[in-house]
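See structure below.
The values are calculated or read from the model by the stated rules, or taken from the named source; none is laboratory data. Here the structure is a predicted model, which means the values were calculated and not measured. For the accessible areas, the whole protein counts, side chains as well, though only heavy atoms, and no ligand, DNA or RNA atoms are used. Shrake-Rupley method; radii C 1.70, N 1.55, O 1.52, S 1.80 Å.
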Amino acid sequence: MASPESKGPKVPPAYPPKTPPPQKKPVEPPRPQPATSPKTEVAVRRPRMVVRNRRTAALTFRADEWAAKKAAGQAVETVRGWDYPALDESDLATVVQQLVTAAVADGGKRVSVHLGDQEQKILVAVLSHVPGAPNDSVLGQVAALATVDSVGTDSAPDGRRMWAILDAAPRPPRTATTAA
């Protein structure tokens, strides 16, 4: 009979693997969520702007005193690439500057300018991203421009939106009237 020492040193088995030690701290249960009070106000959702089958551009700026000039320059450059040779670029720049200036006056941190085109019309929409009382005095100034077809604004909890639609169609040549 062979003794156990004759078979060699005793080595621990490789299987089954070692089990991990128990956790020192128990798993924390989920924290209770704060109770929300039922809202008595009815949330008013304004329709989202949906743009399909046309060229668009979205420009975002920090709401500071230089935003209006930057926005006007970038908007004119963007629309210039859309090939509207009869578009009055000075009217487009004026519309963007006035709407962005009004949006900056709302006091937010950023202003976004959205451009779109369809059937010889250019849409300029400016969002202030700040809820507040709208100052609609800018709309009269914008509507007075020669190529502006319509203007508008609306307010919602997520901010104020102002827009103008400019006519980019070629203008018929003016005929000089002579006094008889």
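Accessible surface for Arg80 stands near 120 Å², nearest 10, in the context of the full protein assembly shown (1.4 Å probe).
Quick check: from the Cα gyration tensor, does the stretch 114-153 come out rounded (a/c under 1.5), prolate or oblate? Here the stretch 114-153 falls in the oblate category. With protein chains left intact and a 1.4 Å probe, residues in the stretch 57-123 average 51 Å² of accessible area per residue.
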